[in-house]
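Colleague: Here it is, the structure, as structure tokens.
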Amino acid sequence: MTPLVAIYLLWLVWITSWIVAAMWVSPTIKHAGLGRELLYRLLVFAGYVFLFGFVSTRYDMLYRVWRTQSGTLGWIMVALVAIGFTFSWWARIHLGPLWSSSVTRKSSHRVIDTGPYSVVRHPIYTGITLAALATAIVHGAPTSFFGVALMTTGWYVKARLEERFLREELGPEAYDAYARRVAMLVPFVRWPG
């Protein structure tokens, strides 16, 4: 088995388990609405398309930065994909029935600031981004790195939308103290907003 095959298997297991776990959620009280979510959904979808090479041109192979089909670097990237997915699953389990694929308010919604949410405010997106970056490194294609950039931008847009929505729904005082303490997507890295 090559690192790329191992990575694809990890993505398949993660996506399948993520979809199955979607049945374990609390009732939704309020939804941000598709209009507010359209941009991040398009960015993330386009990111996946580019990451996995569904739009690669026939010349993409000529422009590969490197190809890590085997060797130590490839297996290190497999480990990083596994770590990313483990981190995102830890966050999802920690959220429990408050999780949603959309920007929503659930019954008995509150700010979660423990577990992975004490490391970053959006650990699911952090974990997926780490897995996507490690996947792009193994692919070595410029289109894959472009996919990671699109996906990361989409997760950032969604995170900002979620934070605005939670401030509106739960009150700014409930969320702002948490936002001041914990980094958004990259542990210990702060930037305005």
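Colleague: Going by the structure shown, is residue 39 assigned to a helix (DSSP H, G or I) and in contact (Cβ under 8 Å) with a residue 60 or more places away in the chain?
Modeller: yes
Colleague: Of all residues being buried (at least 17 other Cβ atoms within 10 Å of the Cβ) and of a type in the set (Ser, Thr, Tyr) in region 101-120, which is modelled with the lowest pLDDT? Just the residue, please.
Modeller: 104
Colleague: On the basis of being out of contact with any Leu (no Cβ under 9 Å at 6 or more places or on another chain), among the aliphatic types (A, V, I, L, M) and in a helix (DSSP H, G or I), does residue 137 make the cut?
Modeller: Answer is no for this residue.
Colleague: Pull up region 53-89, narrow it to residues that are of a type in the set (Gly, Ala, Ser) and at pLDDT 95 or above, then point me to the one that is farthest from residue 100 (Cα to Cα).
Modeller: 79
Colleague: Answer yes or no as to whether residue 171 is at positive phi and more than 19 Å from the chain's Cα centre (by Cα).
Modeller: yes
Colleague: Taking residue 184 as the residue in question, decide whether it is surrounded by 21 or more Cβ atoms within 10 Å (Cβ to Cβ), among the hydrophobic types (A, V, I, L, M, F, W, C) and within 30 Å of residue 53 (Cα to Cα).
Modeller: No.
Colleague: Also: Just to be sure, is residue 93 assigned to a loop (DSSP other than H, G, I, E, B) and hydrophobic (A, V, I, L, M, F, W, C)?
Modeller: In short, no.
Colleague: Could you list, in sequence order, the residues of region 132-158 that are small (Gly, Ala, Ser) and surrounded by 20 or more Cβ atoms within 10 Å (Cβ to Cβ)?
Modeller: 132, 134, 136, 141, 144, 147, 154
Colleague: Every residue in region 17-54 that is β-branched (Val, Ile, Thr), over 15 Å from the mean Cα position of the chain (by Cα) and surrounded by fewer than 12 Cβ atoms within 10 Å (Cβ to Cβ), please.
Modeller: Result: 20, single match.
Colleague: Which pairs do you get when a residue that is within 16 Å of residue 29 (Cα to Cα), found in region 95-114, comes within reach of a residue that is in a strand (DSSP E or B) and charged (D, E, K, R), reach meaning Cβ atoms under 8 angstrom, with the pair 6+ apart or on two chains?
Modeller: Hits for this filter: 97/106; 98/106; 100/106; 104/30; 105/30.
The values are calculated or read from the model by the stated rules, or taken from the named source; none is laboratory data. In this text, all values refer to a predicted model and were calculated from it rather than measured experimentally. Glycine also receives a Cβ, built like all others from the backbone with ideal geometry; neighbour counts cover every protein chain displayed.
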